[in-house]
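Reading through the structure tokens given below for one structure.
Bear in mind these aren't lab numbers, they're just calculated from the coordinates by the rules spelled out. Just so it is clear, the model here is predicted, and its values are computed rather than measured. We place every Cβ from the backbone using ideal geometry, glycine too, and count neighbours over all the protein chains shown.
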Amino acid sequence: MKKGIYILPNALTLTGMFGGFFAILVAFKGDYALASWAVLAAMIFDGLDGFVARLTGSASRFGIELDSLSDLVAFGVAPAVIIFLASIRPYGRVGWMVAFLYVACGAMRLARYNVQMVTAERKSFTGVPIPAGAVILTTLVIFARKMDIDLMGSPLVLLLTFVVSLLMVSTLRFHGMKEINFSKRKPFWFLVLAVTVVVVVAMHPEIALFICAMLYLTIGLIENTYLFAMKRKRSKPNEAH
């Protein structure tokens with residue numbers, strides 16, 4: 001700290017934190033869709049700060065800790081407040097306890113990541129990353145606004161929030177962008193696929209983002225189910241002996 005801190009990556013981190021803080025303020029005013037967009041905007045800055053830090057060689061322990069605090073505000077507290085006010089508020093104590101469970105699991109998820117970032121989580125993620133959990137909840141709110149669906153008091157939203165909370169602290173494996181090495185050559189179809197995704201999202205962002213979020217969750221659960229089945233299958237011959 002006596003040597004100073006790196007301004008650019010930490011400024012981007014704080015901008016992401018501001019996005020989460022702004023989302024909370026807007027959610028209390030009743031504009032849940034705008035609040036959800038603010039969380040998604042915070043995610044852009046969350047990705048940029050790490051990219052800039054690695055690009056400029058300005059990564060630091062201070063930056064890592066600040067990033068975790070920013071993530072807790074933007075992807076933990078903000079989505080919990082939004083989903084509580086937009087949907088599960090009628091459940092009273094059960095509603096706010098489920099919302100708090102999301103915040104608590106998100107905090108534990110971040111703490112575990114900081115401990116295991118150079119070991120177990122060096123490649124794939126252990127449990128749903130907290131930004132992914134935030135995307136699932138906020139894109140649901142945006143999708144519902146677009147399709148004119150009333151989420152207030154929905155038991156499915158209550159269940160989804162509960163499930164996502166537990167998945168964040170689970171030991172299931174989920175993939176992330178960090179597994180893609182952009183410094184190496186990729187097949188031509190990879191570029192075509194990336195452009196196609198961008199075009200589809202740009203055409204109908206409210207619908208496409210929600211579908212992508214649910215696909216990420218569904219594919220992750222299917223992959224883990226398959227891996228568990230394969231593990232049991234390999235262990236059966238050993239049990240027979």
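Couple of notes before you dig in:
- Reduced Cα scattering model of segment 7-177, Debye log10 I(q)/I(0), q = 0.10, 0.14, 0.17 Å⁻¹: -0.36, -0.69, -0.99
- Loop-located trypsin sites (Lys or Arg not before Pro) in segment 1-98 whose Cβ has at most 12 other Cβ within 10 Å (DSSP): Lys2, Lys3, Lys29
- Global geometry of segment 131-175, whether rounded, prolate or oblate, following the gyration tensor of its Cα atoms and the 1.5 cut on a/c: oblate
- Within the chain, helices built from complete DSSP H runs that reach 18 Å or longer along their own axis (Cα positions) and carry a mean Kyte-Doolittle hydropathy of 1.0 or higher are 7-28, 32-56, 130-146, 155-168, 188-203.
- Among 195-205, 105-115, 77-87, the order from most to least packed when residues are scored by Cβ within 10 Å on average: 77-87, 105-115, 195-205
- With the charge dipole of the chain set up from +1 on Lys and Arg Cβ and -1 on Asp and Glu Cβ about the Cα centre, the Cα lying farthest toward the positive end among the listed residues Ser154, Phe51, Gly16 is that of Phe51.
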